[in-house]
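Data block below; observations after.
The values are calculated or read from the model by the stated rules, or taken from the named source; none is laboratory data. From a predicted model like this one, the values you see are computed outputs, not experimental measurements. Don't worry about glycine lacking a Cβ; one is built from the backbone with ideal geometry, like all the others, and counts go over all protein chains shown.
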Amino acid sequence: MKINSKQYALALYEIAKDKKKNEIELMIKNLVNVLIANNDISKVDEIMNEFDKVWNYKEGVVDTTVLSAKKLDEKTLELLNKYLLGKLEIKKVDIITDIDEKLLGGVILKYGDKILDGSIKTKLNNFKSRLKN
Amino acid sequence: MSNTKDFILEQLKTQIDNYQGELKEQTVGTVIEVGDGIARISGLSEVMMSEMIEFDTKDNSGKKVFGVALNLEEDSVGVIILGNYESIKEGDTAIATKKILEVPVGEEMIGRVVNSLGDAIDGKGDIKTSTHYPIEKIAPGVIARESVFEPVQTGIKAIDSMVPIGRGQRELIIGDRQLGKTAIAIDAIINQKGQNMKCVYVAIGQKESKVAGIVAKLEEHGAMEYTTIVLTGASDPAALSYIAPYSGCAIAEYFLDKGEDVLIVYDDLSKHAVSYREISLLLRRPPGREAYPGDVFYLHSRLLERSCKLNKDNGGGSITALPIIETQAGDVSAYIPTNVISITDGQIYLEPDLFYQGNRPAVNAGLSVSRVGSAAQIKAMKKVAGKIRLEAAQYRELAAFAQFGSDLDKETQKKLERGARVVELFKQDQFAPLLVGKQVISFYSLINGYMDDVPVEKIVEFEKGLHEKIENNTSIIKDIGIKGEIDENIEKELIKEIKDYKSTLEYLIENK
C-alpha cells in the first residue's frame, strides 16, 4: 500500500515527540532511508508541509497573520494574543505581523482557514453598499 | 425648506452614528487547482454541500465569480464555477457564503429570459425581486399530494385524445433529432393562453439562435405574457447547464406555492445528463455505464419528482413537467432514455417514419402512453377519444396486414377507410393549437361516420370549414369547453350543423 505524505508526517510526529535532539537526528536519518527505500523521497516537501500542520494541531498552536495599516505596538499584540487564546481554546498563538496601508485602520486576523475582518476599508465598503441600498 | 434640510442632515448623522459594521468570522480557502470549470480548494472547513462559494476574483465584466461546493473530500473541496473561470488563479482566496445556491423568483420573472442564476439576459434591465428560492428542494411528500384530475390542454389533437396530460403529470417527449419534439412543447405553451397556467421553458445547452426563434414565436402568439425562459446556451459552461433545470423548477415552485398551475418544459434532459457527466468526470467521480456517474438516475428523479399536484390544504397548485429526451437513431433502450421513461408518468414517442410520411406531429400511437389516462380528460373528450384510440389501433394492425392482399372483405375495407381518415385528422400544423371544443367536434363527426364520405385528401379542408361554420353560427365550441360534456341539446345542434355543412359541399363521395 502507498503511504501518503500525511501519514509520514503523522508517523514522524509520533516518534519524535518528547524526544531529545540527538535522538531526533537519528530518527530523521532513518526516515530518509525509509523514504529512499519506498521511492518517496520526492514527497519530502509535502511531508514538511504536512508536518507543520500536524505539529500545530497536536500541540495546540495556531499560526495567525495580523494585517494592519500601521505597525502595531506590543500592548495591542498582547491583547490580540489573549483574545485569540480565549476564542480558539488553544495553548499558543504564533503571530506573524504584516502591514498593508490600504486597510486605512483596524486589523485583519487570519488564523487557520478563518478570517476576521475588522479593517476600516471593509467597514467603509460595507457602509457604501448599505447606503446604496 | 431649511427645516427639511436640517432634518435630512440630522437623520444622516444619527444613522451614521448608529451604524455598526458587524464583525463576521468568515471561512476561507485557497484555490490549489483550477481548470475546465472546476476548482479544487483547500481549507474551507465547515463548508456545506452545494453551498455558494465566493471567489475573491472579478471577471471581465467586474462581477464577482461564484461557485458551488459539490465534492467535500478529506483535504480539499471540489467546486464547480458558475460563470467565467478564466479569471480565477491558483492561490486565490475563496470565501464560504453559508448560503445554499438560490435564484430570484417572483411575478417579475414572467416574460423574461434569464440564465440559470436568474439574471436577466434579454436586455430588458435587471430583475428586482424580493424572494429567493433554493434551487434544490425536497419534493412534496405523499400527504401534500393528490391524484391528477384536471387536464392540460396541449391543443394537439393526437396528444389530447390519445395521450392526455393532466395538471401535475410528468410526460416525456422522446424521439430522434429534428422530429418536432420542441415544437410539441412550444405548441403546448402557446395553447395555455387564458387557461390559468404559468409556463417555464428551460433550454439546456441549446443553440442560442434556436431559443431566440422560440422567444420570437412565443411573443408573436402572446405567450410571453405568462412564460419565463431559462436559457443556458451551447457555449455556457457545463456547470450552468447542470443547474438550469433546478433553477427553472425553483421559479415554477414559487407559483406552485401560490396555488397556481405551472407547465415546465425541460429541453432537453439528455444534454443535461451530458453536462452532469462532464462535471462528474472532472471532479473525478467514478464513471459507470456510458461513462455517466452512478447517481445520474437520482439527478433526474429528484428533479421530476418536484412536479406534483398539491391538495387543497396545500394550496392546490400543480407543476406539470414535459421533459424532452433526444434519442440516437431511435434507441430508446440507451441509459438515459430508459431512466427517464421509468421516472415519468408516460411518454410521447415521435417516430421518424411517420414524420417523413408527412404525419406531423409524428406521434406513434402504439408506443406513446399516459399512465394517468382518461382521468385527465374532460367528459366530452373521454367520450370520443376512447373510440378514436380503438380505430387508430385497429387501423395500424390492418394496414400492415392489408399490404399482403387486395381481396378484403367489406368490414375490413371500411375499417381501413376510417383509419386513413383518423390518421389524416391527426395531422396538424405547427403553432396551430386547437381548442378542446373544436377537437371534440372533429372527433365526434369522425367516429359517427360523418366523415366517411369525405375524401381523405379533403379531410383537412372539411375540418376547417366545419369549425368555422360552427364557430360563426353557434356557441357549441364554447359550451363544450365550459360544460365539459356533450349533452343532448348540444348533440342535436351539432348533428344539425354538421348535416347543414355537408349539404353545401360538392366534393363528397357518392354512396355506393
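Annotation: of all residues in the range A:76-91 being outside any helix (DSSP H, G or I) and of a type outside the set (A, V, I, L, M), the one that is nearest to B:ALA94 (Cα to Cα) is A:GLU89. Using the structure shown, decide if A:ALA69 is under 30 Å from A:LYS2 (Cα atoms), of a type in the set (Gly, Ala, Ser) and surrounded by 14 or more Cβ atoms within 10 Å (Cβ to Cβ). It is false that A:ALA69 is under 30 Å from A:LYS2 (Cα atoms), of a type in the set (Gly, Ala, Ser) and surrounded by 14 or more Cβ atoms within 10 Å (Cβ to Cβ). The residue that is farthest from the chain's Cα centre (by Cα), counting only those in the range B:88-109 that are within 14 Å of chain A (Cβ to nearest Cβ) and among the β-branched types (Val, Ile, Thr), is B:THR93. Exactly one residue out of B:ASN339, B:ASN364 is touching a residue at least 12 places away in the same chain (Cβ under 8 Å), closer than 18 Å to B:VAL265 by Cα and of a type in the set (S, T, N, Q): that is B:ASN339.
Among the candidates A:ASP117, A:ASP98, A:ASP94, the residue that is part of a strand (DSSP E or B) and within 14 Å of chain B (Cβ to nearest Cβ) is uniquely A:ASP117.
So for the range B:241-248 (the condition being touching a helix residue (DSSP H, G or I) at 6+ places or on another chain (Cβ under 8 Å), crowded, with 23+ Cβ neighbours inside 10 Å and either farther than 23 Å from B:ARG167 by Cα or not assigned by TED's automatic domain parsing to the domain that holds B:VAL113 (or both)), does at least one residue qualify? Yes, there is a match, as at least one residue in the range B:241-248 is touching a helix residue (DSSP H, G or I) at 6+ places or on another chain (Cβ under 8 Å), crowded, with 23+ Cβ neighbours inside 10 Å and either farther than 23 Å from B:ARG167 by Cα or not assigned by TED's automatic domain parsing to the domain that holds B:VAL113 (or both).
The one condition from (1) part of a helix (DSSP H, G or I); (2) over 26 Å from the mean Cα position of the chain (by Cα); (3) of a type outside the set (Gly, Ala, Ser); (4) farther than 26 Å from B:TYR450 by Cβ that B:ILE388 does not meet is (4). Would you mind stating whether B:LYS193 is among the basic types (Lys, Arg) and part of a loop (DSSP other than H, G, I, E, B)? It is true that B:LYS193 is among the basic types (Lys, Arg) and part of a loop (DSSP other than H, G, I, E, B).
Filter the range B:28-60 down to residues that are of a type in the set (Ser, Thr, Tyr) and facing chain A (nearest Cβ under 9 Å) and give me whichever is surrounded by the fewest Cβ atoms within 10 Å (Cβ to Cβ). Walk me through how you get there before you give the answer.
Keep residues of the range B:28-60 that are of a type in the set (Ser, Thr, Tyr), which gives B:30, B:42, B:45, B:50, B:57.
Then drop every residue that is not facing chain A (nearest Cβ under 9 Å), which leaves B:30, B:42, B:45.
On the way: B:THR30: 14, B:SER42: 14, B:SER45: 12.
Restricting to residues being of a type in the set (Ser, Thr, Tyr) and facing chain A (nearest Cβ under 9 Å), the top hit is B:SER45.
Can you pull out every residue in the range B:123-137 that is surrounded by fewer than 16 Cβ atoms within 10 Å (Cβ to Cβ) and in contact (Cβ under 8 Å) with a residue 40 or more places away in the chain? Within the range B:123-137, B:THR131, B:PRO134, B:LYS137 qualify. Filtered by the rule that a residue be in contact with a Phe, Trp or Tyr (Cβ under 8 Å, 6 or more places away or on another chain), aromatic (Phe, Trp, Tyr) and assigned to a strand (DSSP E or B), the range B:252-271 gives no residues.
Screening B:GLN428 with (1) under 16 Å from B:GLY155 (Cβ atoms); (2) in the same structural domain as B:ILE190 (by TED's automatic domain parsing) gives one miss only, at (2). The residue that is surrounded by the fewest Cβ atoms within 10 Å (Cβ to Cβ), counting only those in the range B:160-178 that are touching a helix residue (DSSP H, G or I) at 6+ places or on another chain (Cβ under 7 Å) and of a type in the set (A, V, I, L, M), is B:MET162. When you check A:LYS128 against the structure, is it basic (Lys, Arg), within 13 Å of chain B (Cβ to nearest Cβ) and either within 30 Å of A:GLU14 (Cα to Cα) or assigned to a loop (DSSP other than H, G, I, E, B) (or both), yes or no? Judged against the criteria, A:LYS128 is not a match. The requirement of being acidic (Asp, Glu) and more than 24 Å from B:VAL460 (Cβ to Cβ) is satisfied by B:ASP407.
Within the range A:1-35, count every residue that is surrounded by fewer than 12 Cβ atoms within 10 Å (Cβ to Cβ) and within 14 Å of another protein chain (Cβ to nearest Cβ). Total meeting the criteria: 0. Against the numbered list (1) among the acidic types (Asp, Glu); (2) touching a Ser or Thr at 6+ places or on another chain (Cβ under 9 Å); (3) within 12 Å of chain A (Cβ to nearest Cβ); (4) surrounded by 11 or more Cβ atoms within 10 Å (Cβ to Cβ), B:GLU25 comes up short only at (2).
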